[in-house]
Structures are given as C-alpha cells and as structure tokens.
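Step one of this worksheet: look at the structure below.
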Amino acid sequence: MTYNLKKRIDSLGKRMSKEESVIFSCEIVFDTQKAAAAIDQLRHGNPKEIFNVLWALRNLQDTQLQAFPDLTEIILGLFQKFPKDEAILRDGVGLLQVVDISEDFQGEVFQVCFGFLQDSSKSIAVKVFSMTVCYNLAKNHLELLKELEMQIKDILWFQGDLSPAIFSRGNAILQKINRRLRK
C-alpha cells in the first residue's frame, strides 16, 4: 500500500468535507488501487468510513459507477448491517437511484426501498430517494406501479404538507405512474 493510499484510507475515519469528497471521487475514478480500497472500506469499514465512501461515490456519474458491478449487493448488505444509520441509508438509496440494478437484486431492492416508504421513522431523503428507486424498478410491472401509487398517495396525505421534497418528488412520480398506467 502506497503512502498516499494509506493516508487517504486513514482520512476516512473523520467526516470528509464536500471538497475532500469530490477529490476522493476523482481519485476513485482514476486510481484502481484507491477504487479497490474504497470498495474494501464499504465491506469492512466502520459507519463513518462507509458514509465517506458512499458520499464520494455519489459524486460519480452513472457511467463511472458501472465500474463497480457489486455495488447494489454491497449497499443491500450495508442496509442489513446498519439499519438505523440514516447517513448510510440516505447515501445508499441515493446511489440506487442511478446504478443499474441487475435482475438478481431488483426484487430485493424494491422490497427494501418500499419498506423505507412504509416506515414513518425514515428520513425525508430516504423516502424521496426510495420513491425514485421503486418507480425505476416498477415501471414495467403494472401491479407494482399500483402498489407504489397507493403508498405515495399515503405518504403525500400524511407528510406532503410538511415536506416540500416529499410533495415535489411524490407528485412527480405519481404523474409518471399515471402516464404508464393510462397507456
């Protein structure tokens, strides 16, 4: 392990600034050793290290995230390992919005994210991101779209007035669902 790589890994133990996160994102893209170390931290790190890596990964474009084919599986594992860590949940679901989810994991991801929508204790960001993930997975399955539509309407009824993010994303997803169901 090089000195710079060790230094970067050691820095994951403290909360990264946005600037540090962007720099780390670039390092992950251009240095395969740092990319491998980042994935290793996702698998074996503590919550702060994991959060920093997820945050850095969220800076990457969809095409750059394709370099990490196991990312969906890793994120699902993190949800099981840290079910109450809102930062990990938020950034994990945020990444699931943009990664290609293989058919092997689509059912599990839908179930997990739909569960986040049903859980009143989940943060607004987790719910908003989960709406998008569920829609992306359900858009070709009418029965799932109908379930998602009902759940989003419930969320809007109870939280729509309290959260502009839920109101905006919920209504945008409902419009998309409506177009798909009315084809």
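The values are calculated or read from the model by the stated rules, or taken from the named source; none is laboratory data. Because the structure is predicted, anything quoted here is derived from the model rather than measured. Neighbour counts are summed over all protein chains in view; Cβ atoms, including those assigned to glycine, are modelled from backbone coordinates with ideal geometry. Accessible surface areas use protein heavy atoms only, side chains included; no ligands, DNA or RNA. Shrake-Rupley method; radii C 1.70, N 1.55, O 1.52, S 1.80 Å.
If you take just the helices (runs of 4 or more DSSP H) that sit entirely in segment 16-129, which of them hold at least 3 residues that are at pLDDT below 95? Steps first, answer last, please.
Values: elements: 18-30, 32-44, 47-57, 62-65, 71-81, 86-96, 103-118.
Answer list for segment 16-129: 18-30, 32-44, 47-57.
Which one of the conditions (1) out of contact with any Phe, Trp or Tyr (no Cβ under 6 Å at 6 or more places or on another chain); (2) crowded, with 17+ Cβ neighbours inside 10 Å; (3) not polar (S, T, N, Q) does D40 fail to meet, given that it meets all the rest?
Among (1) out of contact with any Phe, Trp or Tyr (no Cβ under 6 Å at 6 or more places or on another chain); (2) crowded, with 17+ Cβ neighbours inside 10 Å; (3) not polar (S, T, N, Q), the lone unmet condition for D40 is (2).
All but one of (1) crowded, with 22+ Cβ neighbours inside 10 Å; (2) free of Cβ contacts under 8 Å to residues at least 40 places away in the same chain; (3) β-branched (V, I, T) hold for V93; which doesn't?
Of the numbered conditions (1) crowded, with 22+ Cβ neighbours inside 10 Å; (2) free of Cβ contacts under 8 Å to residues at least 40 places away in the same chain; (3) β-branched (V, I, T), the odd one out for V93 is (2).
Tell me yes or no: at least one residue of segment 145-162 is free of Cβ contacts under 8 Å to residues at least 12 places away in the same chain, among the small types (G, A, S), assigned to a loop (DSSP other than H, G, I, E, B) and open to solvent by less than 20 Å² (accessible area, probe 1.4 Å).
Yes: segment 145-162 contains one or more residues that are free of Cβ contacts under 8 Å to residues at least 12 places away in the same chain, among the small types (G, A, S), assigned to a loop (DSSP other than H, G, I, E, B) and open to solvent by less than 20 Å² (accessible area, probe 1.4 Å).
Looking at segment 127-137, is at least one residue of a type in the set (S, T, Y), within 11 Å of the chain's Cα centre (by Cα) and crowded, with 17+ Cβ neighbours inside 10 Å? First the steps, then the outcome.
Let us first name the residues in segment 127-137 that are of a type in the set (S, T, Y), namely 130, 132, 135.
If we keep only those that are within 11 Å of the chain's Cα centre (by Cα) as well, we get 130, 132.
Add one more test, that the residue is crowded, with 17+ Cβ neighbours inside 10 Å, and what stays is 130, 132.
The answer is yes, given that some residue of segment 127-137 is of a type in the set (S, T, Y), within 11 Å of the chain's Cα centre (by Cα) and crowded, with 17+ Cβ neighbours inside 10 Å.
Which residue pairs have Cβ atoms under 8 Å apart, sit 6 or more places apart or on different chains, and have a first residue in segment 1-17 that is farther than 14 Å from Q41 by Cβ and a second that is open to solvent by 40 Å² or more (accessible area, probe 1.4 Å) and modelled with pLDDT of 70 or more?
T2/Q33; R15/K48
So, in segment 163-177, how many residues would count as being in contact (Cβ under 8 Å) with a residue 12 or more places away in the chain and either assigned to a helix (DSSP H, G or I) or open to solvent by 100 Å² or more (accessible area, probe 1.4 Å) (or both)?
We begin by selecting, within segment 163-177, every residue in contact (Cβ under 8 Å) with a residue 12 or more places away in the chain; these are 163, 165-166, 169-171, 173-174, 176-177.
Still in the list and also either assigned to a helix (DSSP H, G or I) or open to solvent by 100 Å² or more (accessible area, probe 1.4 Å) (or both): 165-166, 169-171, 173-174, 176-177.
Count: 9.
So is R15 open to solvent by 10 Å² or more (accessible area, probe 1.4 Å) and under 27 Å from G107 (Cβ atoms) or not?
For R15, the condition - open to solvent by 10 Å² or more (accessible area, probe 1.4 Å) and under 27 Å from G107 (Cβ atoms) - is not met.
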